[in-house]
Amino acid sequence: MNAGREAEVFDADVVAAFGRHLLVRDASGAQLRARPSGRKLSIVCGDRVRCEPDPKHDELLIVAVLPRKTLLARANTRGVSEPVVANVTQLVVVVAPLPAPDYFVVDRYLCAATAAGIQGVLAVNKSDLENELDLAELAAYTNAGYSRLTCSAKAGSGLDPLKRALTGAISVLVGQSGVGKSSLVSALLPLAEVTTGELMREEEGRHTTTASRAYPLDLGGTLIDSPGVRDFAPAIDQLDERTLGFPEVERLAAGCRFQDCRHMQEPDCAVIAAVDDDSLHARRYESYRRLRRLYADLVKARGPASRQRR
């Protein structure tokens, strides 16, 4: 720890979080190891925190988390919200021909982004592979209102449009394991592993992405790489109970006969009518139905406790 900071309290950004091992970046750009001062502090990558040196133990303590502008959160199996990343403005869901996309997971990430007031974007990586994705599936996201980018970290194609989309934003890359999120970070920022990865590796003991990490972008903005997932459930506290974060459902819901329509089997439902006439993608609607059932299961799992605050 810097001896000149023995009595200084300062604010910093969390750029990597691995359990209780944290890496923060101060106003000068220096990256410092830190840990929470107590077990009640919940800190994630992207948080703005208040730091206080502890000269007695020669370590840096995080004593407070400053108010968050946005929070991407997930629900655990008990229905309790858990923070994922904080203060992001853009969520980029990465898919690829291999491994085969789980579009239901993609949908849940995008719904979580909508619920948190975060812009959602779809990025198709590994476009150099011969395996083609279902164009109808990709078109469904464009029709829903999401931006879509195509790129290849390996071939280097499509990186300039991706850079433009990331510039000036605080973005997080999310998606299934193996879709190439870390490869995209390496292609966009070749020195990223040197500047941050080496500092965290002694804590992790391995090379795989097991912690979210934030990297400054040359043209402005921040890019956060997050661990790959097999599944994801949005925090139920943030979801709009009527639309669950599906933009198409929100647009159509105004035409439903009942204001509290759940769009499952109610009469004169505009959402169901749109599925019947093929103006709403059937697989996206099935995704809505699955999330509706999951939402009910998670509410039940959490019990009668009042809705949590973000």
Segment 70-141: trypsin sites (Lys or Arg not before Pro) in DSSP coil with no more than 10 other Cβ atoms inside 10 Å: Arg78
Between Phe104 and Glu286, what length in nm is gained on full extension when 0.36 nm per residue of separation is reduced by their alpha carbon distance? 64.6 nm
For segment 57-177, what size does the Cα cloud have along each of its three principal axes, sorted from largest down, in whole Å? 54, 34, 25
Give the ranking of Lys40, Lys69 by solvent-accessible surface, highest area first, calculated with a 1.4 Å probe. Lys40, Lys69
Only Cα pairs under 8 Å and at least 6 apart count here; give the relative contact order of segment 220-286 as a rounded whole percent. 19
Asp160 - accessible surface, heavy atoms, 1.4 Å probe, Å² rounded to 10: 90
Pairs of Cα atoms under 8 Å, at least six residues apart: use those to get the relative contact order of the chain, whole percent. 17
From Cα coordinates alone, what are the radius of gyration and Dmax values for the chain in angstrom? 20.8, 70
Note down the accessible area of Ser182, probe 1.4 Å, to the nearest 10 Å². 50
Please compute the alpha carbon radius of gyration of segment 217-310, then divide it by the globular-protein estimate 2.2 N^0.38 Å. Two decimals is fine. 1.34
I'd like the accessible area for Phe10, computed on protein heavy atoms only with a 1.4 Å probe and all protein chains in place. Round to 10 Å², please. 20
Modelled FRET efficiency - R0 45 Å, Arg33 with Asp231, Cβ distances, 0.05 increments: 0.90
Accessible area per residue for segment 1-101 in Å², computed with a 1.4 Å probe and the full protein assembly in place, what is it? 48
How much of the accessible area of the chain, probe 1.4 Å, is carbon plus sulfur, in whole percent? 50
Once R0 is set to 25 Å, what does the formula 1/(1 + (r/R0)^6) return for the Cβ-Cβ distance between Arg164 and Leu191, expressed as a FRET efficiency to the nearest 0.05? 0.80
Using 0.36 nm times the number of residues separating Ser147 and Glu250, minus their current alpha carbon distance, what extension gain do you get? 35.3 nm
Quick check: with the 1.4 Å probe, what order do Asp134, Asp218 take by accessible area, largest first? Asp218, Asp134
Do the sum for the chain: with -39,500 (n - 2.57) for every DSSP H run of n ≥ 4, divided by all residues, what is the mean residue ellipticity at 222 nm, to the nearest 500 deg cm²/dmol? -8000 deg cm²/dmol
Can you tell me the orientation of helix 103-116 relative to the chain, as the angle in degrees between its alpha-carbon axis and the longest Cα principal axis, to the nearest 10? 70
Ordering Thr77, Thr89 by the accessible surface of their heavy atoms, 1.4 Å probe, largest first, yields Thr77, Thr89
How much length, in nm to one decimal, is gained on full extension between Arg20 and Asp278, taken as 0.36 nm per residue of separation minus their Cα-Cα distance? 88.0 nm
With every atom except the alpha carbons ignored, what do you get for Rg and Dmax of segment 1-110, in angstroms? 16.8, 53
Just checking the chain: which Cys have no other cysteine's beta-carbon under 4.7 Å? Cys45, Cys51, Cys111, Cys151, Cys269
Filtered trypsin sites (Lys or Arg not before Pro), segment 256-301: DSSP coil and at most 11 other beta carbons within 10 Å: Arg257
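The values are calculated or read from the model by the stated rules, or taken from the named source; none is laboratory data. Because the structure is predicted, anything quoted here is derived from the model rather than measured. Cβ sites come from the backbone with ideal geometry, for glycine too, and all protein chains shown count toward neighbours. Note: areas computed on protein heavy atoms with side chains; ligands, DNA, RNA excluded. Shrake-Rupley method; radii C 1.70, N 1.55, O 1.52, S 1.80 Å.
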